[in-house]
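Have a look at the structure below, then the notes.
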Amino acid sequence: MALVHHSAVIARDVDVSLRFYRDGLGLEVLMDHEFDGDWHTLFDAPRDRLRSVFLGDPDSPDAGIVELVTFGNDTSDAPSSAPPRPGFFLLSFFVDVDATMARLAALGLDEQVRRISVPGPGGDVDMVTVRDPDGVLVELVGTASMST
């Protein structure tokens, strides 16, 4: 059996991404470290030094982590808002949707929001998508007890 340990996102600006994931979504910084390695061979990266910031729940430090990665000042690719295609990528989180959207709005990080409500066994479930500062699609899923 495989268990997802972490998902990595290349961040153009780690501080801006931290505002989204830490201050907006409520994840906590579990690690912030720089590593030297043959990242070009492993990831086709532009440099052999990377900064890795692990964000997650300190009570579950072995799974469900979002890793922000930067290779210095490489800001080459712009965010994409293309429709889903093979290789489609998103990060999905169970949250209190209204509270999370209020935090993102207060930070000015609530652009391109799409919201629906779908029937669930315990009542309607709010679902929202928003893009992180680098264009990654982030899905916020409430529970029937969390949604209004």
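The values are calculated or read from the model by the stated rules, or taken from the named source; none is laboratory data. In this text the structure is predicted, and so the values were computed from the model without any measurement. Cβ coordinates were reconstructed from backbone atoms using ideal geometry, including for glycine residues, and neighbour counts include every protein chain displayed. Only protein heavy atoms, including side chains, enter the accessible area calculation; ligands, DNA and RNA are left aside. Shrake-Rupley method; radii C 1.70, N 1.55, O 1.52, S 1.80 Å.
Here residue 101 meets the list (1) loosely packed, with under 14 Cβ neighbours inside 10 Å; (2) at pLDDT 90 or above almost entirely, failing just condition (1). Could you give me the residue pairs with C-beta distances under 7 Å whose first residue belongs to region 89-110 and is assigned to a loop (DSSP other than H, G, I, E, B), whose second residue is among the acidic types (Asp, Glu) wherever it lies, and which are 6+ apart or on separate chains? Final answer for the pair search is 107/23. Of the residues making up region 33-62, those that are open to solvent by less than 50 Å² (accessible area, probe 1.4 Å) and touching a strand residue (DSSP E or B) at 6+ places or on another chain (Cβ under 8 Å) number 8. Residue 139 satisfies every condition listed in (1) open to solvent by 60 Å² or more (accessible area, probe 1.4 Å); (2) at pLDDT 90 or above except (1).
Among the residues of region 111-126, those identified as in a strand (DSSP E or B) and either among the acidic types (Asp, Glu) or open to solvent by less than 50 Å² (accessible area, probe 1.4 Å) (or both) are 118, 120, 123, 124, 125, 126.
Filter region 36-51 down to the residues that are touching a residue at least 24 places away in the same chain (Cβ under 8 Å) and not in a loop (DSSP other than H, G, I, E, B), then identify the one that is nearest to residue 92 (Cα to Cα). Selected residue: 51.
Contact annotation: residue pairs with Cβ atoms under 7 Å, 6 or more positions apart or on different chains, pairing a residue in region 59-70 that is free of Cβ contacts under 8 Å to residues at least 40 places away in the same chain with a partner that is open to solvent by 20 Å² or more (accessible area, probe 1.4 Å) and not in a loop (DSSP other than H, G, I, E, B), are 61/30.
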